[in-house]
1. For the residues Y235, Y14, what sequence is obtained by ranking on other C-beta atoms within 10 Å, fewest first?
2. Would you mind checking the tilt of helix 96-105 against the longest principal axis of the Cα atoms of the chain, expressed as 0 to 90 degrees and rounded to 10?
3. Per the helix-only calculation at 222 nm, which mean residue ellipticity applies to the chain, given -39500 (n - 2.57) for every DSSP H run of n ≥ 4 and division by its residues, nearest 500 deg cm²/dmol?
4. Is there a quick way to get the dipole size of the chain? I mean about its Cα centre, with the Cβ of Lys and Arg at +1 and of Asp and Glu at -1; what is the value in debye to the nearest 20?
5. Using Cβ contacts closer than 10 Å as the measure, can you line up S12, S31 from fewest to most?
6. Starting at the first residue of the range 115-120, write each ³J(HN,Hα) from the Karplus equation 6.51 cos²θ - 1.76 cosθ + 1.60 with θ = phi - 60°, in whole Hz, x for Gly and Pro.
7. Given charges of +1 on the Cβ of Lys and Arg and -1 on the Cβ of Asp and Glu, with all other atoms neutral, how large is the dipole of the range 55-176 about its Cα centre, in debye to the nearest 20?
8. Residue-wise, which Karplus ³J(HN,Hα) couplings in Hz belong to the range 135-148, taking 6.51 cos²θ - 1.76 cosθ + 1.60, θ = phi - 60°, and x for glycine or proline?
Amino acid sequence: MASLLQVEGLTSGYGPVSVLKDVSLTVERGSITAVLGANGAGKTTLLRTVSGLLRPTGGQILFDGADLRSVRMEQVVRKGIAHVPEGRGVVAELTVDENLRLGGLWRRDRPDAAKALTEVYELFEPLARRRRSVGHQLSGGERQMLALGRALVARPRLLLLDEPSLGLAPRVTAQILGLLARLREQTGLTVLLVEQNVRSALSVADHGVVLSVGRVAMSAPAARLRDDDDLRHAYLGF
Ligand code: ATP
């Protein structure tokens, strides 16, 4: 069976500036793949291109074997790709419940939105308790849970998650990444995770891809990137 996501020779960027250059990677079904690399390496640009926010100037993006390049963003969502952007994109004026329902809106094709909402509340107990609180009353960790919950309401097959640990205490980060690992185990969710916090990311990932100035510098099983001192020093700088 083909990989869920195959990126081949991808070139993408902003206007005339190519940020990603000839990037190839595969994400296996039911795996967590961490995209690592320094600030400005192109990690966010990669997620934006896969989710259809940016149009690639070259290469291919295959999702479940089908080319995504000519597909519009809302269709990308319908195909089962959910993107949780850096900064989380929670609507501060809306309640937790309303924010979560927005996640379901994108997938009107799914008849089981109410069930998905209940499941998200079961998964994130703090959100269930704060159902009627508005976004700006939430803590950073709760907001990250809400962003993740909103993506999960759409029951994605592939979750693109950008810097979930940003601004969070290590304990909260561990909680959120632990939850990802659980979802992967229980539901077979596939995740492409961008993370500055390399140790945390490698603790839950199956595979790691290191980007450097828009190119893939290294791609290896997460355990190898974690345990091989030479690789770690060379590519991850610690
Ligand atoms: P960070 O962790 O700092 O977000 P990153 O690896 O995610 O880093 P990107 O955000 O993908 O990197 O940025 C890669 C390059 O693209 C950077 O040089 C950045 O300045 C540039 N860039 C990002 N967003 C834009 C934009 N909207 N317009 C023009 N250039 C941009």
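Since every read-out is calculated from the coordinates, none of them should be taken as a lab result. What you see is a predicted model; the values in this text were computed from it and never measured. Every residue, glycine as well, gets a Cβ built from its backbone with ideal geometry; the counts of neighbours run over all protein chains shown.
1. Values: Y235 18, Y14 10.
Least to most surrounded, the residues fall as Y14, Y235.
2. That works out to roughly 60 degrees.
3. Values: 9 runs with 85 residues, N = 238.
Estimated from H runs of four or more residues: -10500 deg cm²/dmol.
4. Numbers: 31 positive and 25 negative charges, 122 e Å.
Around 580 debye, computed over the chain.
5. Final ranking by Cβ density, sparse to dense: S31, S12.
6. Calculated HN-Hα couplings, in order: 5, 4, 5, 4, 5, 5 Hz.
7. Values: 20 positive and 15 negative charges, 47 e Å.
Dipole magnitude for the range 55-176 comes out near 220 debye.
8. These are the phi-based 3J(HN,Hα) values: x, 6, 8, 8, 6, x, x, 5, 5, 5, 4, 5, 4, 5 Hz.
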